[in-house]
1. What residues from the stretch 140-168 fall in the zone where the backbone N is under 18 Å from a label point 7 Å along the Cα-to-C-beta line of residue 132?
2. So if I take the centroid of the Cα atoms in the stretch 249-268 and the same for the stretch 44-76, what is the distance between those two points in Å?
3. Please sort 55-63, 158-166 by packing, taking for each peptide the average over its residues of neighbouring beta carbons within 10 angstrom, highest first.
4. Place the peptides 119-129, 204-214 in order of packing, highest mean first, counting for every residue the other Cβ atoms within 10 Å and averaging per peptide.
5. How many nm is it between the label spots at residue 91 and residue 122, if each spot is 7 Å from the Cα in line with the beta carbon?
6. Do the sum for the chain: with -39,500 (n - 2.57) for every DSSP H run of n ≥ 4, divided by all residues, what is the mean residue ellipticity at 222 nm, to the nearest 500 deg cm²/dmol?
7. Compute the separation of the alpha-carbon centres of the stretch 159-201 and the stretch 301-325 and state it in Å as a whole number.
8. Taking only C-alpha pairs under 8 Å that are 6+ residues apart, what is the relative contact order of the stretch 5-317 in percent?
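Computed from the coordinates by the stated procedures, all read-outs in this text should not be read as laboratory data. All of these numbers come straight from a predicted model, not from anything done at the bench. Glycine gets a Cβ as well: all are built from the backbone with ideal geometry, and neighbour counts include every protein chain shown.
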Ligand SMILES: [Zn+2]
């Protein structure tokens, strides 16, 4: 069997797990620590915010630690400062190396808080920036290309580069309050082009509100691609970061979890809060709202652990694609291995 670079990286992660290091406050949890002293391969039990941002201000990891604890969270993902001046008018854009160091400093000493680098995939040196980020210990990437289609000949090589280093990438999808004519570029179908990036783990944020149905449809299509392309496909995740006004929330989450697609470990909780002044009340309110909907939908404890923890674990560290249920037009499981088991 040909071992891809992704298989290699994944195997490396698993093989290096050592069942001897205990996480503070997480009894029985064992995993090794990787770059920057973060846990790799597994996440301690608890809830995680997979989508937070750094805004201008001095790095203050103690603040993140206190806010997350107050919101009932065990950790999460923090995205670096925006690389584009159009996004935050008037704010100083940090050079890439500084932006990476800045987000790493915000997460310093917190083994369950993972720094992501917000990359401009159209920057001429974007592939080099991926290498720089990995060298510095960055755990993933974020992209908002703006009023341009996200996937084209300019950006594909960058996504392939991200796939080759085994890191995930989160895209803003859905309407963006940027004061510009940009919405058409954020419709989820624009991400079908990532079919040309095997093994890329990518996330469409905000369930693409108001195009939640389109987001779910693209998810199904990407999963079905296994029928035609084998397991050499990208792996799509969704984050349920609002986005969705409360009026639409029940509908969006209910559809996502009852459509019949294999969404286990592929839907993540997030808030979009800035860590400079994390909105604890907003975060706990969304957890309450979502938990009530999940309870109505009939999700069990394992499914909730998926949304709040194990989907992020898989997103960060990878997982086995070969046992997933693959949707087909006539309702069969299209996974080429599924018939061989019975
Ligand atoms: Zn965001």
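1. Of the residues in the stretch 140-168, 140-144, 158-159, 161-162, 165 have backbone N under 18 Å from the label point off residue 132.
2. That distance is 25 Å.
3. Values: 55-63: 13.8, 158-166: 21.1.
Going from most to least packed, we get 158-166, 55-63.
4. Working: 119-129: 18.0, 204-214: 23.4.
The peptides rank, most packed first, as 204-214, 119-129.
5. 1.9
6. -10000 deg cm²/dmol
7. 20
8. Here the relative contact order equals 19 percent.
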